[in-house]
Amino acid sequence: MSSIVGLIVNPVAGRDIRRLTGGASVSSNYAKRRTAHCVLEGLRIADDSEVLVMPDNAGLAERIVADAPDDLAIDVLDVAVTDSGRDTRNAAERFSTAADAVVVLGGDGTNRDVAVGIGEVPMVSISTGTNNVVPTPVDGTIAGAAAGFVASGAAPASETTVRHGTVEAVVDDGTEERRLRGLATVGVLDQQFVGTRAILDPEDIIGGVVSRASPAEIGLSAIAGGFETHRPDEPGGIGFRLGDRSESANEDEREVRAVTVPGVVSDVSVAEFRRLDDGEAFAFDVSSGVVSADGERELEVRDAAVRLRPVSDGPRLVRIDAAIERAADAGYFRAN
């Protein structure tokens with residue numbers, strides 16, 4: 001029986017305002033189609049893979065299917081198009097029972113939407129977004145091959161995937177509780193409105209909790225990573241609170257240099273920094289602000305208690321090198 005690989009290509013990923021305010025690269029739909037073509041070529045290395053592509057209002061899926069290799073079984077997933085982030089979540093929910101692996105082309109927001117509904121299906125993430133903390137730059141051909149090997153069982157998921165952590169936010173204003181989930185980061189911002197959604201100015205950041213931290217990353221995870229590295233598959237996370245910009249820094253505050261937006265390096269004053277156990281809360285009292293997830297502003301908050309906590313229940317991400325090496329050991333790259 002052939003394996004099924006889902007392909008999710010977000011047509012709006014990598015095209016927000018940070019292209020104008022910072023040094024983020026542009027990922028056009030043509031570039032995404034070319035990357036998708038590489039993914040399909042890589043899938044041909046693995047035996048008997050079939051592909052289902054998420055439909056979209058930009059016509060990317062139809063072009064990808066039309067340009068696919070003739071000997072590859074491929075079709076557009078039968079799911080309604082809403083022209084919103086719901087499209088990615090709907091496709092992920094379908095793939096959670098219909099696919100053996102899924103390849104995602106997008107940024108952190110796209111991968112968060114996939115993670116909400118993908119369940120235990122392994123994910124291969126390719127960076128085509130703005131804040132690319134979770135997805136990493138990788139050749140599409142190699143990524144496709146890895147997905148095919150995991151889907152077919154040639155590279156068992158138990159040996160070649162890791163469980164990525166998440167961050168849960170609970171916002172309680174005394175009348176109701178609202179919840180938000182981030183894949184890599186959840187932040188509290190000194191902003192009144194969601195607005196353009198993208199976090200443009202590090203001066204807006206009050207603090208946050210991250211499920212991964214490294215100075216090699218961007219945004220909140222880079223701020224935390226300036227003090228301590230935390231791998232995405234480690235339990236728990238890191239919570240931090242920035243210094244009060246209305247007062248002079250006190251002697252307990254420490255400064256860290258971080259890439260806060262693509263192309264922007266900032267010196268940030270940190271008043272509190274704490275490693276958190278899995279499920280341990282880090283709290284903020286917010287009179288007026290916005291809660292962000294994975295680099296995008298999501299919830300407007302007024303007179304509320306905001307509790308953030310790391311939770312080790314995220315998606316299974318494929319370790320691409322491990323999958324390729326496992327398949328090579330099994331002889332899949334031998335020509336005779």
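The values are calculated or read from the model by the stated rules, or taken from the named source; none is laboratory data. Keep in mind it's a predicted model, so treat the numbers as computed, not measured. Counting neighbours? That spans all protein chains shown, and the Cβs are built from the backbone with ideal geometry, glycine included. The area values use the complete protein model at the heavy-atom level, side chains included, leaving out ligands, DNA and RNA. Shrake-Rupley method; radii C 1.70, N 1.55, O 1.52, S 1.80 Å.
For E159, work out the one condition from (1) touching an Asp or Glu at 6+ places or on another chain (Cβ under 9 Å); (2) assigned to a helix (DSSP H, G or I) it doesn't fulfil. Among (1) touching an Asp or Glu at 6+ places or on another chain (Cβ under 9 Å); (2) assigned to a helix (DSSP H, G or I), the lone unmet condition for E159 is (1). Taking V65 as the residue in question, decide whether it is farther than 23 Å from G107 by Cβ, at pLDDT 95 or above and either in a helix (DSSP H, G or I) or among the basic types (K, R) (or both). The answer is yes for V65. As a summary of the residue check, P55 satisfies the conditions (1) under 17 Å from T128 (Cβ atoms); (2) at pLDDT 95 or above; (3) not aliphatic (A, V, I, L, M) except for the one numbered (1). Listed conditions (1) without any contact (Cβ under 8 Å) to a residue 60 or more places away in the chain; (2) part of a helix (DSSP H, G or I) are all met by V81, apart from (2).
Can you find even one residue in region 99-118 that is of a type in the set (S, T, Y), modelled with pLDDT of 95 or more and in a helix (DSSP H, G or I)? If you could, list the steps in order and put the result at the bottom.
First, the residues of region 99-118 that are of a type in the set (S, T, Y): 110.
From what is left, the residues that are modelled with pLDDT of 95 or more are none.
No: region 99-118 contains no residue that is of a type in the set (S, T, Y), modelled with pLDDT of 95 or more and in a helix (DSSP H, G or I).
For D313, the conditions (1) open to solvent by less than 40 Å² (accessible area, probe 1.4 Å); (2) part of a loop (DSSP other than H, G, I, E, B) are fulfilled apart from (1).
Number of residues in region 70-80 that are open to solvent by 70 Å² or more (accessible area, probe 1.4 Å) and β-branched (V, I, T) equals 0.
Within region 174-195, is even one residue closer than 23 Å to L72 by Cα, outside any helix (DSSP H, G or I) and under 18 Å from the mean Cα position of the chain (by Cα)? No.
Of the candidates I218, I238, I223, the single residue that is in a loop (DSSP other than H, G, I, E, B) and either more than 16 Å from the chain's Cα centre (by Cα) or surrounded by 20 or more Cβ atoms within 10 Å (Cβ to Cβ) (or both) is I218. Among the residues of region 123-159, those identified as under 17 Å from P315 (Cα atoms), in contact with a helix residue (DSSP H, G or I) (Cβ under 8 Å, 6 or more places away or on another chain) and surrounded by fewer than 24 Cβ atoms within 10 Å (Cβ to Cβ) are P156, A157, E159. For A271, state whether it is within 29 Å of P137 (Cβ to Cβ), among the small types (G, A, S) and outside any loop (DSSP other than H, G, I, E, B). Spelling it out, it is not the case that A271 is within 29 Å of P137 (Cβ to Cβ), among the small types (G, A, S) and outside any loop (DSSP other than H, G, I, E, B).
In the set (1) open to solvent by less than 50 Å² (accessible area, probe 1.4 Å); (2) farther than 16 Å from I142 by Cα; (3) at pLDDT 95 or above, the condition left unmet by D303 is number (1). For region 2-33, a tally of residues being among the small types (G, A, S) and either modelled with pLDDT of 95 or more or in a strand (DSSP E or B) (or both) returns 2.
Before we move on, is S211 surrounded by fewer than 17 Cβ atoms within 10 Å (Cβ to Cβ) and under 21 Å from R231 (Cα atoms)? Judged against the criteria, S211 is not a match.
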